[in-house]
Amino acid sequence: MTRKQRRLTIIGGSLGVLAVAAALVLNAMRDSIVFFSTPSMVAEKHVQPGKRFRLGGLVQPGSLVRGDNLAVTFSVADGSATLPVAYKGILPDLFREGQGVVAEGALDPSGVFKADTVLAKHDETYMPREVADALKKQGHWKDDYGAKPDYNAGAEGGSRAAQTVAPAKQGSLQ
Amino acid sequence: MIAESGHYALVLALALALIQSTLPILGARWRDFALMNVARSAALAQLLFVAASFAALVTLHATSDFSVVNVFENSHSLKPMIYKITGVWGNHEGSMLLWVFILALFGGLVAAFGNNLPLSLRAHVLAVQAWIASAFYLFILITSNPFLRIANPPIEGRDLNPVLQDIGLAVHPPMLYLGYVGFSISFSFAVAALIEGRIDAAWARWVRPWTLVAWIFLTLGIAMGSYWAYYELGWGGWWFWDPVENASLMPWLAGTALLHSAVVMEKRNALKIWTILLSILTFSLSLLGTFLVRSGVLTSVHAFATDPTRGVFILLILCVFIGGSLTLYAWRASALKQGGLFAPISREGALVLNNLFLTTACATVFIGTLYPLALEVLTGDKISVGAPFFNLTFAPLFVPLLIALPFGPLLAWKRGDLLGAAQRLSAAGIAALIAIAVLWAWTRGGSAFAPLAIGLAVFVVAGALSDLAERTGVFRMPFGTAMRRSRGLPRSTWGTAFAHAGVGIALIGIVCETTWNSEYIGSMKPNDTTEIAGYELKLAGVTQRQGPNFRETVAQFAVSLDGKPLSTMMPSKRNFTTRASSTTEAALLTRGASQLYISLGEAAADGAIAVRIYHKPLVLLIWFGPVLMAFGGMLSLSDRRLRVGAPKPAKAMRGLQAAE
Amino acid sequence: MMLWFVFALMTAAAVFAVLWPLSRHGRLQKDGSEAAVYKDQLTEIDRDVAAGLIASSEAAAARVEISRRLLAAADNQRDRPFVSSISLRRSAAVIALVGLPIAAIALYLPLGSPWLGDFPLAQRARAPEVTQPLDSLVAQVEQHLEKNPTDGRGWNVLAPVLARLGRYDEAVRAYRSSITYNGDSAERRADLGEALAAAASGVITAEAKAEFERALALNADQVKASYFLGVAAEQDGRAAEAASIWRAMLAKAPTDAPWRPLVQAALARVDGSAPALSDDIVAAAKDMNDTDRGAMIRGMVERLASRLKQNGDDVEGWLRLVRAYIVMGDRDKAKSALTDARQAVAYDAERLRQLNEGLKNLGLNG
């Protein structure tokens, strides 16, 4: 083989592999990507039952119901809409009412979100990014989530004041 | 005093790094050896100060000095000592300090053992290293300072995230960082070569041991992280295609390609410009990994805190270093002398193929990881790219790579004989076919995919073995001769065989685990029994226990096989009062390379407890493979030819006589 | 001072690290070269040939190739030789001597806190603290009581201390033990009720109310019990009842009773446009941040709801609950509370009428 031929072989081979890889990527992009929605986005867009997506929001306090054999239902809320979710399995350690959650699955014909995966936040200041963004848009975001406190700013506020209401009277009554 | 000394030591390290990043380069320009030698002592002093700074932070954590914000936020006086210490790098600030400590360590090692490098190359390498170091010292001091204080120290700390309170954390991030940061050396060598405008085969020889060290640590770090996720996160998965995991996989793929292309460059003085580019890309991907984890731009199971200012700072560092080095590359690469060309069927050709597939695979991971980000910036749509995407793209690219893998070492340099190599691989091919046939018969009705994949893995392992057999001539020659030949074989040859076999073994584990994994998820009451993969598990009881800083619910499972009791497994669920959070501690029972895995869920009011039980056949091979790869890497590293330090011809002569 | 001395030492060490190579003028240390690598490669080929790993023809070709590289490297070595200029070194030394300390100090001072010493936990545990004597005293008494749980006097001492330390749940237990071992008394019942209320963040729960009523049954003039029953009435929204209790207290009280001002203030509060929550609770809530306040209000509303679940006769309570839910913006819960209220008072026409009237005032019709 001449020099030129060798070079062509190598360049041709590389281009071939790259073309195959590009085809694979495009093919996978079409089939295996899931979108993220919040309950109000679901309500607006009329998502088709059976289409997989990720649902994010806060677990509605008081909505968690445990059924038989690890079946659970709860509602996910984003401040303006709620969506019932059904899940069968063990919830993550950090799943809690009133906290952020991301569930993956699809709507069933009756409008219940059947989740096959539930992810919860991983510490108390961390919130799934999509959930945080969505809540910010809805105006339900408090800026002190995850903000760094300034420890030298002064004594902590009277958060326990309520508890001292009754004893405060003690002295004057005795 | 310890806190402030540690802080000041870090500042001094920055000052030294600034000097180290300028004086030696000026020295090289004016060919002044004294100025160039400043690089060396400055790098060593920098290491000393960063080590002191890191030691100070460890001491502060160990003594629970809550006047330091970092200790207050991430420690607790009741925490066991080992977790007080591992907690140092379980948080953002501490882990960044560990990062620069390792960076300084590698710089110090080059300074101390780089005697075999030309003076100006060493000066340039250390100066580039100091640029990186300066940027990260500034980052730490300005945005993530671990030595900030509280004037009125609180009585008690806020604990470490209990998910991170595990011995896996003690070793996994440092390993990973040794890998990430180790690639900074090959980056510095590449940039130094571009600045000097000169590169040749010797460069590859100098850079290879450092790349190999980084690669070994990264391999072990990834494997360890995967095992940690497997037993700590409690759902039995070992790889999630999570962005943070991808962030460590990308430098690994690029680094593996770099290792192989450096061999071509060393032996044949070819692929020079490509190798330089790979060095830059590998470290850029490591930096990107740091960025992905630190900036919190990606939703991920990893729990490091998120802070946009840090993200912007790291993005800036990223742009300057990646953009800068690539610009330098575009500007200077054409000035470098081109290497020779070679025949496609040859050892070089095989290594090019390896590079081609590894970098393409790396690119698909890159796209899968960053495409959601790009799409969000462009259209605002939020998507997630998960395992299905990577299974459809990454896996098909690895198949041809693995088929070609055994041929590489059997082909000669320059002009290879494909037919001859195929003949020598016939035994391996037969072994693979037998494996496929046996598995096919055994799992009749199952998917065809698993037997074929395992056949491929067997081919890779047997191929590595037949390469060894071929070189030692163990089946052709008398045993004594073969032994002598095997002693004379360079250690790097052994290393290659072990590393390649490791790939096959990991593949066997992966295929077995994903195909024949059986699971039971349900709720059990005491004295309930369940059966999984022939094992019978009986929930003997559930008890409460008080740990040092948590309460745990422990379930006892009596495991028996064919009626014979085997063992008791005790998975538990821990509740940490300070953080009001809980973790799941899975129980593992190892049987050969397979494992039984139990983790607990919520306890119901009627005394039943939710459990997940898995039987994972040959799952340990998934991590044994990488360990074998790393061992192969270490063998190569111990090869005399790669040893760091001045070459010693006299000793080489003695080695020669011994081999005769 | 010690700290600055350490800083000075460290700075000196850093400066020395830069100055040291500058001070060494003799011939530079041995450095590596490309030629060494290629020579090494040549010996390697010899070794491979000897071991029979490569054929001699391949070896010869490789030798030629490496020798070519060796020659090229030797060419490169004949670059300009290394020099060392005194002036360069001097300027570098000046940078190190002046620039390094200045840079370090300029960076450190705005970031560091050199006036703060270390505070390791061990050292602080030894240091005396204001709360510590009381804490250790409590611990001692608790230890003693663990061994002698029937010592009524011990419980008597411990209970008020626990209440003052804010450990209300434990105080409740201690008061109960005190009643068990010292016998019943109006004071102890009143104290127990107060501790119960404190444990519930100031809400007079049904349990607390029962204790106050028992105290009054034992001694109709028990001041604390009367006062808190007034608070209970106020919290339930029966302002008139609260006012009458307190008025009766003031009428009976001696003019110099220390608690007069407190009761008068309470009375003034309910005589006005009786707020749903007592003023001091609202005042306390003012000092809190939003999250804490929200939590406190939610907590109180929940307690009210659970109390009404046990005893649904309290029309005012139901109205208060509904109002609270409306204020909190939770109309669904308000509606369900309304339904519950209707069911609870359905058998009593008078109460049902009260309820509907109240609802009209709230602007809810059905």
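Structural remarks
- Of residues in the stretch B:460-482 being of a type in the set (Val, Ile, Thr) and at pLDDT below 90, the one surrounded by the most Cβ atoms within 10 Å (Cβ to Cβ): B:Thr472
- Restricting attention to the stretch B:465-491, the residues that are closer than 17 Å to C:Leu53 by Cβ and in a helix (DSSP H, G or I) total 16.
- On the stretch given as the stretch A:73-108, residues that are buried (at least 18 other Cβ atoms within 10 Å of the Cβ), modelled with pLDDT of 85 or more and at the interface with another protein chain (Cβ under 9 Å from one of its Cβ atoms) total 1.
- When we screen A:Lys51, A:Lys45 for residues that are within 18 Å of the chain's Cα centre (by Cα) and basic (Lys, Arg), the only hit is A:Lys51.
- Where B:Arg485 falls short, out of the listed (1) farther than 29 Å from B:Ser638 by Cβ; (2) buried (at least 17 other Cβ atoms within 10 Å of the Cβ): (1)
- Within the stretch B:370-388, residues that are of a type in the set (A, V, I, L, M) have Cβ atoms under 7 Å from residues that are assigned to a helix (DSSP H, G or I) and modelled with pLDDT of 80 or more in these pairs: B:Ile383/B:Pro372; B:Ile383/B:Leu375; B:Val385/B:Gly368; B:Val385/B:Tyr371; B:Val385/B:Pro372, counting only partners at least 6 apart in sequence or on another chain.
- Residue within the stretch A:6-14 that is buried (at least 16 other Cβ atoms within 10 Å of the Cβ), of a type in the set (D, E, K, R) and in contact with a Phe, Trp or Tyr (Cβ under 8 Å, 6 or more places away or on another chain) present: no
- Residue in the stretch B:182-191 that is in contact (Cβ under 8 Å) with a residue 60 or more places away in the chain and surrounded by fewer than 23 Cβ atoms within 10 Å (Cβ to Cβ) present: no
- Condition met for B:Ala437 (over 21 Å from B:Ala361 (Cα atoms) and surrounded by 15 or more Cβ atoms within 10 Å (Cβ to Cβ)): no
- Checking each residue of the stretch C:41-50 against the condition of being surrounded by fewer than 13 Cβ atoms within 10 Å (Cβ to Cβ), at pLDDT 80 or above, within 8 Å of another protein chain (Cβ to nearest Cβ) and part of a helix (DSSP H, G or I) gives no match.
- Residue check, B:Gly94 in the same structural domain as B:Val69 (by TED's automatic domain parsing), assigned to a helix (DSSP H, G or I) and surrounded by fewer than 23 Cβ atoms within 10 Å (Cβ to Cβ): no
- Exactly one residue out of A:Pro61, A:Pro84 is more than 23 Å from B:Tyr614 (Cβ to Cβ) and part of a strand (DSSP E or B), and it is A:Pro84.
- For the stretch C:52-73, the criterion of being within 7 Å of another protein chain (Cβ to nearest Cβ) and not in a helix (DSSP H, G or I) is satisfied by at least one residue.
- Picking from residues in the stretch C:97-129 that are in a loop (DSSP other than H, G, I, E, B) and at pLDDT below 80, the one that is surrounded by the fewest Cβ atoms within 10 Å (Cβ to Cβ) is C:Pro128.
- Among the residues of the stretch C:81-108, the one identified as basic (Lys, Arg) and in contact with a Leu (Cβ under 8 Å, 6 or more places away or on another chain) is C:Arg89.
- Once the stretch A:3-54 is narrowed to residues that are at the interface with chain B (Cβ under 10 Å from one of its Cβ atoms), in a helix (DSSP H, G or I) and among the hydroxyl-bearing types (Ser, Thr, Tyr), the residue that is nearest to B:Ala343 (Cα to Cα) is A:Thr9.
- Boolean, B:Val365 is more than 22 Å from B:Asp467 (Cα to Cα), modelled with pLDDT of 90 or more and away from chain A (no Cβ under 14 Å): no
- Residue check, B:Leu35 outside any loop (DSSP other than H, G, I, E, B), within 30 Å of the chain's Cα centre (by Cα) and within 7 Å of chain C (Cβ to nearest Cβ): no
- When residues of the stretch B:617-656 are limited to those that are modelled with pLDDT of 50 or more and outside any helix (DSSP H, G or I), the one surrounded by the most Cβ atoms within 10 Å (Cβ to Cβ): B:Val619
The values are calculated or read from the model by the stated rules, or taken from the named source; none is laboratory data. Only a predicted model underlies this, so the values are computations on that prediction, with no experimental measurement involved. When we count neighbours, we look across all protein chains shown, and the Cβ atoms used for this are built from the backbone with ideal geometry, even at glycine.
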